[in-house]
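The structure under discussion appears below in the form of structure tokens.
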Amino acid sequence: MTGAPLSQTEYAATTKALLQLVQRLTSIGAHAVLDVPRVVVIGNQSAGKSSVVEAISGITVPRDSGTCTRCPMECRMAYRKGTWSCQVSIRWEFDGTDRPLEEISEVQFGNEIHDKNLVELALRRAQFAVLHPDVEVDKVLSMSHKSLRKGIAGSVALPFSRNVVCVDLEGPDMTDLSFIDLPGLIQNEDDHLVKLVESLVVSHIQGNALILVTVPMTDDLENQRAMTLARQVDSKGKRTIGVLTKPDVISKGSRSRDLWMDVIEGRKHRLTHGYFCTRQPDDDERDKGITAEEARKFEETYFATNTPWSLSSKERFGIRNLSKTVSPLLAKIIKDTLPVLSKKTAQHLKLCSAELQALPEPIDDEPTEHMRNLITELFEQFNDHVRGNEGHTAMIQGSRTIFEKFKRRVRSTAPDYIPFLKKEYDQALRNDATRTNESGDVDMVDVPSRGHFTSPIEVVHQSELTNPRKRSRDESATESNHKKYKTLDGSKTLPVKPVGVGNSQVRPPVASNTNGNPSTARPQPETQEPYSDGSSEDSSEEEAPPGDKNNEEYEEDSDIASEREAEAEAELEAEAQGRDDDETDDDEADALEAGSPNQDGARVHQSIYLDDVRAQITGSITRELPNNVPFRAKEVLIREFQEEWTELAKTCLNDVRGVVTAVLRARVDEIFGRWLLLHSHMRSHVDALIQKRYQKTEAFIDGFLEAERSPFTLNGHYYQTCRDKWLSVYRGARAKKTIALMDVLHASGTKGFESSTIALAKNQRQPDDASKEEKQAVALAALASLGFQGLTAADLQMLHKPDEYDTEMMVMAEVRSYFQVSYKRIIDTIPMFIDTFFVKGIPVDLRIFLREQLCLTDESASSRCEYYFAEDDNTVARRQELLSQKTTLKAVKDELDNFSMSHKKQ
């Protein structure tokens, strides 16, 4: 071969270094992860590809009928003074199942060769070893031609392999060049083998590869599958060089020679780097032992003496001209690619490291110990949510919202007592409606039914009604006869007389059940509209006990507050310095929400009248002394408002359970999600623990609610003060015979004594309030002169003739006041039980419970945990692939860095 002159004239030291760099990169497998510049020789089977390879390299490659090359062969040539040498190696990149190895290795195959005649057998042995990875290499190295053809019993050869046979050639007649010879494309084989070879070819010719396509001139160019594949990856023909073979087979004078000249000279099927025509020794010449140098001389003589080849430019004929073109092209591609290669290496290394980090770490710990660590991690993460640590407050905040909702729902169960008989209330409603119609102010209207503690009308000047300081007494006297009420639909307004009723449908009587107790049937609520100023009719604060700080305005003006109540208020104010939730500004929000009948699932309660209470008392009498109210009567009325509490408490517990379960399951998913079986079992175990704690908490709640069914309190002062205030409200309404006052009471409803008593006092005032106070002062002075000292204007209410329903009003006041006492207990105790025994109880049991469920203390714990931690095959394969890529990329980076540093110094 005449490669030495090319080496000496075309390659400088830098070019030689570039080619050697690429060879080193390829040897460490850089081409598997990066687009490394290379020369690839492809062609159809029997296209003369082996002859071209022999002509470039100067060695003899294996030849057989049919497919001979069944794995890639990388030929790496280097010019060196001295003797010629050859070293065969095998680069193992894939395992026997064609999966990438974690680490690419290039292993020498046999000793260095100094006789060219021994190369062909060495290459056959190397390919046999590649196709029989189960056979020991030492055994293959001693096999002869005959034994290689025969094979080894029990060992089945792979049809093809991606592992590479590497041939390093050095000598004075070598050109610094490297190329990869791929198996010839086949057609008359099984379809999967055809696709396998094509896939192997395509994987090598993509990217920066310089493609040498061998094309026999005995066939049409369009029929060459190799050329078709080259066009698929290099559509513009910028990286493809056509190598035409077997020109001597075309007979002289044949028109085919002229057609091929059009291709060689660029008139048809143009490529950027064109076509080269070569002539290789035929079988007879090879059998005579023609040398490489003789073959090149015969080639030159043939093209110089045969037309039309002799008439064309000599630059496109012969292996020597092909080599002169390929070598500079490869050097230029390498030089242009190096900066991009360095950048790509850094990017790939970063992405590879990131993906490896994203994959779960392989477990190196003892399986049982690793399981314990994961359980501890689950406990610590969930406990952060239970404690409400920074960044983990959502669960506790969610529970608080549920507890507030529970509070409002319990508050909605307050009994709705009306201190009138059903008949007189009904008649008063009808009389008022009739008077309104006769007055000619408005037409008769159908009065809508009233919801729980909700007025059927909107007070136009509600703010003035509930805030007496906004109006002078003169204004009150002037406007008291002209206050307007409007219906909910806003279509009509009804004038209200000083003595009369609001517009409400008569409440139906309370039905009796089989044991004679009042039924707890509830009518459906109605929708309540907002006031014209944007506020709600139910906008006052939640009911506070009498004497709350918010009642001080009223106490200063009210003519019905006793000195005893004032003293009680002072004590309650001192007691409530921390203020219960329902006595603070939070009640404003509660009151607004309570205005919607179905808010938070609150139910509308049926109103209870004096005759309902009397019926209950009468039906409860057994052996009591005369004029004694049976305790049973009060107990039944108390249990009426408690009936819904069990359901409300269970709903609260279930809602909290949902929040806690979501958080705990999310932690389980995060920690155990990578192991499908373990993840499934852990979710089941966690659900079982939640159910266990749920049942325990449920038992505590049931016990508390059962105890709550027996009326009891030591909070006597609060209870007594509430009772006196409610009794005063009921008696005052009865004394005035003014159902309109009860409409005001209902308008404030469960929102507290503050709004109801202020409204009541406002409506009780007559235009002659000033003269009335003077008369009261005279009366009190007269009584004092008779020895009745310490009386107040409120005590004068006792001089009224006793109401025949005073006993019933007392029962109403006692039951209504006991609701306040019991309500305050339950809205604290139930949330405390849920938080203590359920929310905080789960982490208490979590670690021990999970260890017991997973049996981490028995002898088989280690094997069981190892089975749980078995990884998915895809994950294992991907991790191995990434580790292999990372190792290769680090080696590539080191090579590029070293090359850059060494050439900077130069």
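For segment 120-126, the Karplus equation 6.51 cos²θ - 1.76 cosθ + 1.60, evaluated at θ = phi - 60°, returns couplings of 4, 5, 4, 5, 4, 4, 4 Hz by residue, with Gly and Pro reported as x.
Normalised by residue count, segment 17-101 yields a Cα convex hull volume of 134 Å³ per residue. Within the assembled protein chains, the solvent-accessible surface assigned to HIS392 is about 60 Å², based on a 1.4 Å probe. Take the alpha carbon atoms of segment 841-876, find their center, do the same for segment 284-335, and report the distance between the two centers in whole angstrom. When both Cα centres are located, 72 Å separates them. For segment 616-680, the alpha-carbon radius of gyration amounts to 2.35 times the rule-of-thumb value 2.2 N^0.38 Å expected for a compact globular protein.
Taking Lys and Arg as +1 and Asp and Glu as -1, the other residues whose beta-carbon sits under 9 Å from that of GLN642 total -2. Across segment 132-149, rounded Karplus estimates of 3J(HN,Hα) from the backbone phi angles (6.51 cos²θ - 1.76 cosθ + 1.60, θ = phi - 60°) give 10, x, 7, 9, 5, 4, 4, 5, 5, 5, 9, 7, 8, 4, 5, 5, 5, 5 Hz, Gly and Pro being marked x. Full extension of the chain segment joining GLU871 with ASP283 gains 206.0 nm, where the gain is 0.36 nm per residue of separation less the Cα-Cα distance. The magnitude of the dipole of segment 764-906, with charges of +1 and -1 set on the Cβ of Lys/Arg and Asp/Glu and taken from the Cα centre, is near 980 debye. Magnitude of the charge dipole for segment 606-649, about its Cα centre and with charges confined to Cβ atoms of Lys, Arg (+1) and Asp, Glu (-1), is about 300 debye. About the Cα centre of segment 650-744, what is the dipole size in debye to 20, counting +1 per Lys and Arg Cβ and -1 per Asp and Glu Cβ, all else neutral? It works out to roughly 340 debye. Modelled spin-label separation between HIS903 and VAL778, with each label point placed 7 Å from Cα along the Cα-to-Cβ direction: 12.2 nm. Pairs from the list LYS49/LYS139; LYS236/LYS344; LYS238/LYS344; LYS81/LYS146 with a Cα-Cα gap above 28 Å: LYS49/LYS139; LYS81/LYS146.
Placing ASP426, ASP134, ASP234 in order of accessible area, with the largest value first and a 1.4 Å probe, yields ASP134, ASP426, ASP234. Each other residue within a Cβ distance under 10 Å of PRO711 adds +1 if Lys or Arg and -1 if Asp or Glu, for a net charge of 0. With all protein chains in place and ligands, DNA and RNA left out, the 1.4 Å accessible area ranks THR26, THR218 as THR218, THR26, largest first. For GLY237, neighbours were defined as the other residues whose beta-carbon sits under 9 Å from its Cβ, and their charges (Lys and Arg +1, Asp and Glu -1) total +4.
Annotation note: trypsin sites (Lys or Arg not before Pro) in segment 65-119 located in DSSP loop regions with a Cβ neighbour count of at most 13 within 10 Å are LYS81. The stretch between ARG80 and ASN431 holds 113.7 nm of extra length on full extension. This uses 0.36 nm per residue minus the Cα-Cα distance.
Computed from the Cα positions only, the extents of segment 320-433 along the three principal axes stand at 126, 51, 22 Å, in decreasing order. Each of LYS16 and LEU193 was given a label point 7 Å from its Cα along the Cα-to-Cβ line. The distance between the two points is 4.4 nm.
Look at the dipole of segment 843-906 built from charges on Cβ: of TYR868, ALA891, THR857, the Cα furthest out on the positive end belongs to ALA891. Along the axis of the charge dipole computed for segment 1-160 (Cβ charges of +1 for Lys and Arg, -1 for Asp and Glu, origin at the Cα centre), the listed residues MET73, ILE59, VAL22 are led at the positive end by ILE59.
Qualifying trypsin sites (Lys or Arg not before Pro) in segment 655-739, where qualification requires a DSSP coil assignment and no more than 12 other C-beta atoms within 10 Å, comprise LYS737. Can you give me the long-range amide H partners of GLN280? Hydrogens built in the peptide plane at 1.01 Å from N, cutoff under 5 Å, separation of 5 or more residues or another chain. Excluding prolines and chain starts, which carry no amide H, the hits are LYS246. Extension gain, VAL233-VAL107: 0.36 nm per intervening residue step, less the Cα-Cα distance, totals 42.2 nm. Label sites at ASN223 and ILE848, each approximated as a point 7 angstrom past Cα along Cα to Cβ, lie 8.6 nm apart. Loop-located GluC sites (Glu not before Pro) in segment 791-864 (DSSP state other than H, G, I, E, B) with a sparse environment of at most 13 neighbouring Cβ atoms within 10 Å: GLU804, GLU859.
The values are calculated or read from the model by the stated rules, or taken from the named source; none is laboratory data. Note that the structure is predicted; figures quoted are calculated from it, not measured. Cβ atoms come from the backbone with ideal geometry, glycine included; neighbour counts cover every protein chain shown. Just the protein is used for accessible areas: all its heavy atoms, side chains included, with ligands, DNA and RNA removed. Shrake-Rupley method; radii C 1.70, N 1.55, O 1.52, S 1.80 Å.
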